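The values are calculated or read from the model by the stated rules, or taken from the named source; none is laboratory data. Bear in mind that the values here come from a model prediction, so they are computed numbers and not experimental data. A quick note on method: Cβ atoms are made from the backbone with ideal geometry, for glycine too, and the neighbour counts reach across all protein chains shown. SASA here: full protein model, heavy atoms, side chains in, ligands and nucleic acids out. Shrake-Rupley method; radii C 1.70, N 1.55, O 1.52, S 1.80 Å.
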Amino acid sequence: MSSKSKGNGHKHITETPDVSHLRNVEVTHEQSDISVSGVLTFMAVLTVATIAVSIGTWLMFRYFSVQEEKEQKPGPMALSKQEKLPPAPRLQAAPGFEVTLEKGERVNLELHEPQAEYRVVITQWKQALATGLKDQSGNTVGMPIDEAMKTVVASLPVRTKEAPEKLDDYAISLPTAASSGRATEKRVQ
């Protein structure tokens, strides 16, 4: 029994009192709360089922591997992976992390960042726009945009600086209201 004295002479008791003599017949341990044998049985069945599913999955993968090895190889006339692709332009320019440039040069992008494909294709496009497009034989079939714009501007007809003498040259023919659209008159808008 431990006690502390306080300044006013009272002792404080910190020991738990003995309550063994108190009995409440309504509060007891219920036998139906949980079945320990049921929980252990469930855990054992779950463990056996997990092992069975794992073994079944492993056997299924082995079966599929054997079936794949038995499968006949494609014949010499079968299309290759590149030949199976749809014609250009394709939305994904680098299927399988590889870009094939105009000259047949292949750029492997497997270990590059996701934007690498975009950068390679943009570089190729800028080069084509700067030097002009070339056909399969290497002849230039296009020209850079700046040169094309200069050529188009040079071929446009030149306007004369003289304005037309009559203002009626700028008028448009509109149907009159009095004629119900049968006759027109020129109006300056």
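Step by step: first the residues of the stretch 142-157, then only those that are surrounded by 11 or more Cβ atoms within 10 Å (Cβ to Cβ) and among the aliphatic types (A, V, I, L, M), then the one that is farthest from residue 125 (Cα to Cα). Which residue is that? Going through the qualifying residues, I end up with 149.
Tell me, please, whether a residue that is at negative phi, modelled with pLDDT of 75 or more and among the polar types (S, T, N, Q) can be found in the stretch 145-159. The answer is yes, given that some residue of the stretch 145-159 is at negative phi, modelled with pLDDT of 75 or more and among the polar types (S, T, N, Q). Of all the listed residues (54, 80), the sole one being modelled with pLDDT of 80 or more and small (Gly, Ala, Ser) is 54. On inspection, residue 182 passes the criterion of being open to solvent by 80 Å² or more (accessible area, probe 1.4 Å) and at pLDDT 75 or above. Here residue 85 does not fit the description of being at pLDDT below 75 and touching a strand residue (DSSP E or B) at 6+ places or on another chain (Cβ under 8 Å). If the condition is being surrounded by 11 or more Cβ atoms within 10 Å (Cβ to Cβ) and either more than 21 Å from residue 100 (Cβ to Cβ) or among the polar types (S, T, N, Q) (or both), then the stretch 116-139 contributes 123, 124, 127, 131.
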